[in-house]
Amino acid sequence: MFIEIDFNSGEAFYIQLRNQIVLGIATSEIQEGDSLPSVRQLADHIGINMHTVNKAYAVLKDEGFIRLDRRHGAVIAVDADKAKALEDIKMQMRMLLAKARCKCISEEEIHLLVDEIFEEYRR
């Protein structure tokens, strides 16, 4: 799995790391049961603090994307609580759509964006 941190981004490193792992799962680059590198290995590999990787892993665990196991480390284990996932996504989409409306982005443009993004995951 290829992870790259944008050190010039205003987005927190742990969020960038979390997002890349979620995208890796969505695109099947990493799959259920795959182990992620240890906190120390990943921190050394991408040049960030171990606490940052640990925080990203904790967020992924809380969001139901991984489980943490003392023997196997961080393992992809997507929680299938669809109702909770839909509620979380609804809350996030509400803010995204509010931002879109403020920027005069139409419903049709939003639908085109959603279709375009879903197409990326079909490949």
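The values are calculated or read from the model by the stated rules, or taken from the named source; none is laboratory data. Because the structure is a prediction, the values reported are computed rather than measured. Counting neighbours? That spans all protein chains shown, and the Cβs are built from the backbone with ideal geometry, glycine included. For the accessible areas, the whole protein counts, side chains as well, though only heavy atoms, and no ligand, DNA or RNA atoms are used. Shrake-Rupley method; radii C 1.70, N 1.55, O 1.52, S 1.80 Å.
When each of ALA80, ALA85, ALA58 is tested for being free of Cβ contacts under 8 Å to residues at least 40 places away in the same chain and within 19 Å of ILE3 (Cα to Cα), the lone residue that passes is ALA58. If you check ILE30, ILE5 for being out of contact with any Lys or Arg (no Cβ under 9 Å at 6 or more places or on another chain), open to solvent by less than 90 Å² (accessible area, probe 1.4 Å), more than 24 Å from GLU119 (Cβ to Cβ) and in contact (Cβ under 8 Å) with a residue 40 or more places away in the chain, only one passes: ILE5.
Looking at the range 87-109, which of the residues that are open to solvent by less than 100 Å² (accessible area, probe 1.4 Å) and of a type in the set (A, V, I, L, M, F, W, C) is nearest to the chain's Cα centre (by Cα)? Break it down stepwise before answering.
Our first condition is that a residue be open to solvent by less than 100 Å² (accessible area, probe 1.4 Å); within the range 87-109, this holds for 87-89, 93, 97-98, 100, 105-106, 109.
If we keep only those that are of a type in the set (A, V, I, L, M, F, W, C) too, we end up with 89, 93, 97-98, 100, 105.
Working: ILE89: 12, MET93: 15, LEU97: 19, ALA98: 22, ALA100: 21, ILE105: 25 Å.
Selected residue: ILE89.
Contact map, the range 107-123: first residue farther than 18 Å from GLY24 by Cα, second residue in a helix (DSSP H, G or I) and open to solvent by 100 Å² or more (accessible area, probe 1.4 Å), Cβ cut-off under 9 Å, separation 6 or more or different chains; pairs are ILE110/LEU96. All of VAL22, VAL75 fail the test of being surrounded by 13 or more Cβ atoms within 10 Å (Cβ to Cβ) and either of a type in the set (S, T, N, Q) or under 12 Å from the mean Cα position of the chain (by Cα) (or both), apart from VAL22. Starting from residues that are of a type outside the set (Ser, Thr, Tyr) and in contact with a strand residue (DSSP E or B) (Cβ under 6 Å, 6 or more places away or on another chain), keep the ones in the range 33-55 and report whichever is least open to solvent (accessible area, probe 1.4 Å). So the residue we want is LEU36.
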